[in-house]
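The numbers here are math on the coordinates, done by the rules we state, and not lab data. Just so it is clear, the structure is predicted and the values come from calculations on it, not from any experiment. Positions of Cβ are backbone-derived with ideal geometry, glycine not excepted, and every protein chain shown enters the neighbour counts.
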Amino acid sequence: MPIQSLHTGYSGLNVAQIGIDTTSNNVANANTEGYARQRIDQRALPNIDKIVGRLGTGVKVDDITAARDLFLDARVRDARAQTAGYSANAELLARAEGLLGEPDFGIASALDDLWNGLEDLSLDPSDAGKRTTVKNQLEVIAGRFNAIAEGMDDLVADTGTQLTSELKDINLVIDEIAELNGSIQQVIASRSTPNDLIDRRNLLLDELSEKLGVHVTHLDNASVRVSLNGLALVDGQSAKHVSWDASSLQLLHANGSALRAGGSVGGFQSFIVDDAASINTQLDQLAIDIHDAMNTRHAAGFVDSGVAGGALFSYDITDPARTLTSVLASIDDLAVSGVDGTPFPIHDGDNARFMAELRNEALGPGSPILLESARGLVTDIGSRTAQALASADANADLQLSAELQRSGATGVNIDEEMVALIQYQRAYEAAARVITAADEALNTLINRTGLVGR
């Protein structure tokens, strides 16, 4: 009957309109970050029995679904976390490398200057100017150790402050994800589609993964569980914060457990816990080695009055590099003379030469040369920096590949949307034509029948 045709046409008109609206929304959000392309799922309405058989009654929209790929999401998030972690670590290592001041203003160059000065002094041990140069160079060496150690302490403290600030933003993201879990469940319970909320949650999950390297588990109730080292940060609508303890240099879960993060936070944490600790250990050991070697050799010589040489350096065992100090009070206290086997030593400059020979002599069997140790510290930091940069570049390529693949699978393609728009437009026109035909049939039935006898 025409009435049934009206209903069928209307259903087609309605579905086509929803298709046009959905496609229009896709086009409008083609450049919106985190937006997933939407499509309508439509199905035929139940048939009805007629004399001629079962006839269709139209169409309805079952759901509006978004194109999502959990596997590609996981790939993108993992790649982002790796890239951010290596990049953050490389940036901090580069700053640490800059503190060393090599090749012109570092420890190795200062040691070279000292040994050059001692060699010059050994040729003319009574020259006050050369003695003053050596005394100044001892102070320069101590000052450079102090400056590098203080710079490293400041860099670690600044990184901790940056971590604390970053974690405040991260905790806000954690809270919002938990809230979105609840909102999404409410929308689903009301038999609606929470695509916009899921897009927002996915965008936040990308951000959280990049900063913290979290693991995301999708649950059956449409919520997500976000965890780090197996400890939940988001579980349904429950949120747990993370914090940085500057005193213990630990990243802590809300329950007090220590965490090891990925992402940019992991890069910061790795620098503080691993790299800075290693650099400071090497720096302290080098300060101790220079202290011991120079003091030992200086004590083997004699000052002009015939008294054995005293200490050149001192330090506090709790913080050697930061507290290394030149304790030579006067140029007259330099023990530049050696022992010639007579009761009275000759002021010959042999001990100045003996100290200068540390340039090319190891401290002991199997031990490195001091200058090599100083240069080795620079090499170690440079190697760490280069490795982090290379890893960041390699992962950036993987990240780009993963993001392009995800964009192709879930993003908006304008050409495809234009085709879909034309299809829905034609469907709308056809459904409208069905309604027009049904209306004309009803008009004929009502106005042009039953005229006999009037």
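Computed values, structure above
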| item | result |
| --- | --- |
| Nitroxide proxy distance, nm - points 7 Å out along Cα→Cβ at ASN255 and ILE48 | 6.0 |
| Largest-first ellipsoid semi-axes for the stretch 213-344, taking √(5λ) over the Cα gyration tensor eigenvalues, angstrom | 60, 11, 8 |
| Rg and Dmax [Cα atoms of the stretch 162-244; Å; Rg one decimal, Dmax integer] | 12.7, 44 |
| Neighbour-count ranking [beta-carbon atoms within 10 angstrom, fewest first] of SER11, SER192 | SER192, SER11 |
| Extended-chain gain in nm, criterion 0.36 nm per residue less alpha-carbon gap, ASP112 and ALA311 | 69.6 nm |
| Ranking of VAL59, VAL234 by count of other Cβ atoms within 10 Å, fewest first | VAL59, VAL234 |
| Charged-residue dipole, Cβ positions (Lys, Arg, Asp, Glu), the chain about Cα centre, Debye nearest 20 | 3560 |
| Angle in degrees between helix 277-299 and the longest Cα principal axis of the chain, rounded to the nearest 10 | 0 |
| Proximal lysines relative to LYS240, as straight alpha-carbon distance under 30 Å, when same-chain residues fewer than 8 apart are discounted | LYS168, LYS211 |
| Per-selection metrics, the stretch 74-400 (Cα): Rg and Dmax in Å | 28.3, 105 |
| Sum of -39500 (n - 2.57) over DSSP H runs of 4+, divided by residues of the chain (222 nm, nearest 500) | -21000 deg cm²/dmol |
| Partner aspartates and glutamates for LYS130 [C-alpha distance under 14 Å; skip if fewer than 8 residues away on the same chain] | ASP113, GLU119, ASP120, ASP332, ASP333 |
| Length added when fully stretched, ASN14-LEU123, from 0.36 nm per residue minus Cα-Cα | 29.0 nm |
| Between 0 and 90°, nearest 10: helix 107-123 axis offset from the chain longest Cα axis | 10 |
| Between the stretch 1-46 and the stretch 252-280, the alpha-carbon center distance in angstrom | 50 |
| Farthest positive-ward along the chain dipole, Cα basis, beta-carbon charges - from VAL303, ALA394, PRO194 | PRO194 |
| Sites matching trypsin sites (Lys or Arg not before Pro) across the stretch 127-221 that sit in DSSP coil, with at most 11 neighbouring C-beta atoms within 10 Å | ARG191 |
| FRET efficiency, ALA28 to GLU150 (Cβ-Cβ, R0 45 Å, nearest 0.05) | 0.25 |
| Angle between the chain longest axis and helix 70-99 axis [Cα atoms, degrees, rounded to 10] | 20 |
| Residue (of SER243, VAL336, ILE290) at the positive-pole extreme of the chain, dipole from beta-carbon charges | SER243 |
| Neighbour-count order for SER122, SER238, SER305, SER264, fewest beta carbons within 10 angstrom listed first | SER305, SER238, SER122, SER264 |
